[in-house]
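Here, each number is a calculation from the coordinates, and none is a lab measurement. Bear in mind that the values here come from a model prediction, so they are computed numbers and not experimental data. Cβ: placed from backbone, ideal geometry, glycine included. Neighbour counts: every protein chain shown.
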Amino acid sequence: MEREINILPLIISTFFGSCRRLLCAQWLLIVAFYAIFANIPFWVASHWLLLLPLGWFCAEYALVGLLALFAPRILSAALLLFVIAADLTSAVSKTYYLAPTECLVNIGSLHEFPGARLLVVAAIVVLVLLITSIAAFFPVEAIRRTYRSRTAACLVALAVLAVSADCIAVVRETGHIPNPFGMERLSDANKFSDFKNLWICRYPAIRLVLNERLLGGKSNAMSVFQTDRSPVQSAAALAVRYASLAAGRGTQKMPNVVLILVESWGLGLDSSIRSSLVGPYAQPGLLARYKVLQGSVPFYGSTVAGEARELCGNKIGFHILNISAQESQDCLPDLFVSLGYHSLALHGMDGRMFNRLTWYSRIGFQEQWFRDQFRQEGLPDCVGAFVGICDADIAEWIGRRLGKEDATPDFIHWTTLNSHLPVPIPSGLPAGASCSLTSLLAQQSALCSWYQLVSNVHVSVSKMAMSHLARQTVFVIVGDHAPPFANPALRRQFSNTEVPYVVLIPRLGNCIADR
C-alpha cells in the first residue's frame with residue numbers, strides 16, 4: 001500500500017525558500033529598476049510626444065537608487081519623482097528652445113493640446129506615478145548589509161561606465177576633454193536606434209541649468225543666469241530704418257506696418273526649399289509694388305524670445321513677461337504709438353498662453369485679439385500641436401482691416417500658430433503646396449507638413465500685400481526659431497543660429513489703394 005504524501009508542507013517550504021532566494025536577489029531587482037525601468041516614462045514621452053532622445057539612461061536615477069539604500073522609502077520615491085520630472089522638463093526644454101522656467105510657468109496651457117496628445121500626457125503621468133509608487137514600496141530594509149554594498153557598487157559602476165563612455169565620445173568628436181557642467185557633442189541627439197551616436201546617459205540637472213542660462217531671462221528662478229539684454233539684430237529694426245519710419249515722414253502719409261512672426265520658420269540648408277517658401281514674394285506684380293529685402297537674423301530661444309527680439313530689439317527673452325515700463329520704452333509698440341500709430345497684437349490662441357494678455361499691454365499694444373475674439377468674428381479653428389485660429393483666416397482678417405480707410409496708421413504684430421511642431425500629418429490644408437520639390441520633402445511626412453503650413457502663411461501674406469489697401473503698408477515676415485523636429489536628421493536641415501526674413505517696402509509714389 002502506497003504511503004499518502006502530504007504536499008502542504010512541501011508547498012510552504014518551497015514558498016518560503018523562494019522568498020528567501022528572492023530576498024537575496026532583490027538587490028539585482030533594485031539595480032535593474034533604477035538603471036532601466038525608471039527610464040520608461042522618458043522613452044514613452046520621447047516617442048509619443050516627439051521629444052529629442054537625449055540618451056538611453058539617466059545617470060541621476062542611479063544616484064537616487066544609491067540614496068534609496070539608506071534613506072526612508074518615501075523620501076527616495078519623492079526624489080525619484082522630482083528627477084523624472086526634471087528629466088522630462090529638460091527634454092521639452094531642449095526640443096522646443098524653451099527655458100525650463102517657461103515650461104513650468106505655462107504648464108497650465110496643456111489644456112490647449114488636442115485630445116490625442118492630452119491622452120498621451122495623461123498616460124505618461126500615470127506611468128510616472130506607477131514607477132514612483134514601486135520605489136516607495138521596495139522593502140529595502142530587508143536587504144542585508146552585504147547585498148546593500150553590492151547594490152551600491154553596481155549602481156556606481158554602471159553610472160561611471162556610462163559617463164565614461166560619453167566622455168570618450170566627446171573627446172573623439174571634439175578633440176578635448178569635456179567640461180563636466182557643459183558636456184556637448186556634435187551629434188547632441190539621435191534616434192534611439194542609432195547606437196553609435198546617441199548619448200549613453202542623460203544629464204537632466206546639467207541640461208536644466210544650461211538651458212536656463214542660455215534661454216531664460218531676468219525673471220528666472222536662477223537669477224544668476226540673466227539673459228543678456230544688449231541690442232540684437234532684428235528684421236523689424238531693419239525695416240524701420242530702411243523705411244525711415246522712426247524719423248517720421250513729414251507731410252507724407254505714414255504707412256501701416258505689419259510684423260509677422262512665423263512659427264517654426266527656420267533657415268533651411270536646402271536652397272530649393274528656402275527659395276520655394278519665399279516664392280510668393282517674387283511675383284512680378286508684387287515686385288512692381290514693393291522692394292523685397294531678404295536675409296537672416298540670429299535667434300536664441302523660443303517663440304517668446306523671437307517676439308522680444310523683433311519687438312524690443314534685444315535678448316531680453318523670457319523676461320519680457322515681466323518687463324517694466326522703463327524697460328519697454330525702446331520697444332516698437334511704444335515707438336509707433338509716439339509716432340501717432342494705433343498698435344495692435346494678434347495671436348490665434350488664448351491670451352493666457354505665455355501671459356501675452358498682460359505683457360502685450362505692458363510694452364505698448366493698445367488693442368489685442370486672441371482666439372475668443374476671432375471666434376466671435378466667425379474665424380474657424382485649425383487643429384495642430386495647439387488648437388487655434390487658422391493662420392490663413394487671420395491673414396484675411398488683417399487684409400480686410402488694412403483695406404478700411406482710417407486717419408490713424410496701424411502697427412500690427414501677428415504671431416502665427418499652425419506650423420507649431422509637432423505638425424499634423426497630413427497638414428490638413430485643402431490645397432497644400434506639393435512636396436515633390438525634393439526627395440527629402442517627399443520622403444519625410446513631418447517635413448512635408450511643416451513645409452506646407454509655412455508655405456501657406458507666405459501665400460496668405462503675399463495675397464494680403466497684393467489686396468486693396470487703404471494706405472501703403474510695410475510688411476516684415478520673419479521666423480521665430482528653427483523647427484524643433486524630434487528627428488535629429490530633420491533638425492540638422494536647418495541653421496541652429498539663424499532664421500530668415502522677408503521685408504516688403506512699398507515703392508514711393510505707388511498708391512496700392514488706387515489699384
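The ranking of ILE398, ILE505 by Cβ neighbour count inside 10 Å, starting from the fewest, reads ILE505, ILE398.
Please compute the net charge surrounding ILE40, taking Lys and Arg as +1 and Asp and Glu as -1 over other residues with Cβ under 15 Å from its Cβ. Charge balance in the 15 Å sphere: 0. Under a model in which nothing but the beta-carbon of Lys, Arg (+1) and Asp, Glu (-1) is charged, the range 257-509 shows a dipole of about 440 debye around its Cα centre.
With a Förster radius of 25 Å applied to the C-beta separation of ARG213 and GLN326, the computed FRET efficiency comes to 0.50.
The fewest-to-most ranking of GLU173, GLU310 by surrounding Cβ atoms within 10 Å reads GLU173, GLU310. The fewest-to-most ranking of SER90, SER460 by surrounding Cβ atoms within 10 Å reads SER460, SER90. What separates the Cα centres of the range 404-467 and the range 309-379 is a distance of 22 Å. Each Lys or Arg adds one and each Asp or Glu subtracts one; over the other residues with Cβ under 9 Å from the Cβ of CYS382, this totals -3. Of the residues THR303, SER271, ALA431, the one whose Cα sits farthest toward the positive end of the charge dipole of the range 257-509, with +1 on the Cβ of Lys and Arg and -1 on the Cβ of Asp and Glu, is SER271.
If you wrap the tightest convex hull around every Cα atom of the range 257-509 and split its volume per residue, you get 122 Å³. In this label model, TYR242 and ARG352 are separated by 4.0 nm, measuring between points 7 Å along each Cα→Cβ vector.
Each eigenvalue of the Cα gyration tensor of the range 302-405, multiplied by 5 and square-rooted, gives one semi-axis; in descending order these are 24, 18, 11 Å. Note on SER272 and LEU508: the model spin-label points, each 7 Å out from Cα along the C-beta direction, lie 4.2 nm apart. What you get for the range 376-429, charging only the Cβ of Lys and Arg (+1) and of Asp and Glu (-1), is a dipole of about 100 debye around the Cα centre. Along the range 376-393 the Karplus relation, 6.51 cos²θ - 1.76 cosθ + 1.60 evaluated at θ = phi - 60°, assigns HN-Hα couplings of 5, 8, x, 6, x, 8, 10, 8, x, 4, 10, 7, x, 5, 5, 4, 4, 6 Hz to successive residues, with x for each Gly and Pro. Amide H contacts of GLY479: VAL262, each under 5 Å away and 5 or more positions distant or on a separate chain (H built 1.01 Å from N in the peptide plane; Pro and chain starts excluded). Compute the FRET efficiency between GLU367 and LEU287 as 1/(1 + (r/R0)^6), taking r as their Cβ-Cβ distance and R0 = 41 Å, and round to the nearest 0.05. Here the calculated transfer efficiency is 0.80.
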